[in-house]
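Beneath this line is the structure, given in structure tokens, with notes to follow.
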Amino acid sequence: MIIYGVGHRLPSWFFKILLTLFTVTGVLVFLDLDTLPTFTGDSLEYVPTKSSSSDQPLNKYSQLLEVDQKKEKYFIVVGIPSMPSHIAHRAAIRATWVNASRWSALKEEEDQFKRIKVMFLFGKTEFETLSEEFQKEMKEHDDMYIINGLEEGRLVLKYKVLWALKRSLMFDYDYFIKTDDDIFVNLPLMIMSLIGSPRAHFYTGSCMHVYGGWGGYPRWKYCSGGGYVLSRDVVQEMEKLPKEVHEVKFRPEDAYTGWLVYNLNTFRDFKVKVFTQGLLKVGAYKCGGFTHTWFYHHVKPRKMDQFFHNIDDNVYQACP
């Protein structure tokens, strides 16, 4: 289990304690914003602590425990915003599309392309209000990240994704993928496509959308939030963008990511190629091919196993 908490200007001896906790319990704690996690037995409670600077960068302490992270190598890091109550969604994802070893089409693929890190993302939640099922899930899995100081809700979704982008840089990987917990991903098709794709200056998905043109904002293209892909160097450059680019008033998370990509050319002289591929399919999925699309939207947990078998077995049901 990995928990990200918050704090500022703590003495070096405190971080030695954290390293000891990690060694003994497997719980990795990062301190960033404005609350301090403390452990009481097997539970975790959040104790507010004052900060002399509320606008510290999110990655202020990201390198302090890097010796334990060892920059694990992945082909893909997947960021998935979720809610504590969506236990069935996460269980279905772990059991189906994100499980690379289960796909027949990937059996002969090199192991390096099947290394995937999943990050389920949650806003700040009072620990005592979490269900027993959620607490049990946290103890059993190392893919759940709580972002303290960021209240849960759609209004902060874009900052939840920004946090995931920054935190993903703890790992060595080729591509960051953002998707949702009601999306089914055709993992073999996506992996095989990405193997032959650029490893730099790359942004792809269903990128036929345009936002802006009001309130002093220009117009820019972006990829649908149901699923898009960024090469790691693009994520690195996004993290370096100035505060006035990161902090904006509009809400859509996918348009926000497109906004960051758009501004890379303005502020960083970093040109990004925007490709449209792996189109997001939205519909009832009652007929037609299952093998031509990367991302399938609005798939309920109970349907994910059926989706998996339809795609893995190359099932095609003719439409009337």
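The values are calculated or read from the model by the stated rules, or taken from the named source; none is laboratory data. Everything numeric in this text was worked out from a predicted model, so none of it was measured. Quick reminder, even Gly has a Cβ in these numbers, built from the backbone with ideal geometry, and neighbours come from all protein chains shown. Ligands, DNA and RNA are excluded from the accessible area calculation, which covers all protein heavy atoms including side chains. Shrake-Rupley method; radii C 1.70, N 1.55, O 1.52, S 1.80 Å.
For this structure, a couple of remarks:
- 5 angstrom amide H check on I147, placed H, neighbours 5+ away: F122, G123, K124
- Neighbours of K178 by Cβ distance under 12 Å: Lys/Arg scored +1, Asp/Glu scored -1, total -2.
- V210/A88 FRET efficiency (R0 45 Å; Cβ-Cβ; nearest 0.05): 0.80
- Paramagnetic reach from I195 in region 96-111 [backbone N under 19 Å; point 7 Å along Cα→Cβ]: 97-111
- Loop-located trypsin sites (Lys or Arg not before Pro) in region 182-237, at most 13 other Cβ atoms within 10 Å (DSSP): R199
- Sparsely packed loop sites in region 91-184 (the GluC sites (Glu not before Pro) outside DSSP H, G, I, E and B with at most 11 other Cβ atoms within 10 Å) comprise E108, E110, E126.
- For T257, the solvent-accessible surface with a 1.4 Å probe is about 0 Å², rounded to the nearest 10.
- DSSP beta bridge pairing in region 161-298, given as percent antiparallel to the nearest 5: 70 percent
- Gain in span if fully extended, E72 to S131, counting 0.36 nm per residue against the direct Cα distance: 18.1 nm
- Each Lys or Arg adds one and each Asp or Glu takes one away; over the other residues whose Cβ falls under 13 Å from the Cβ of K273, this sums to +2.
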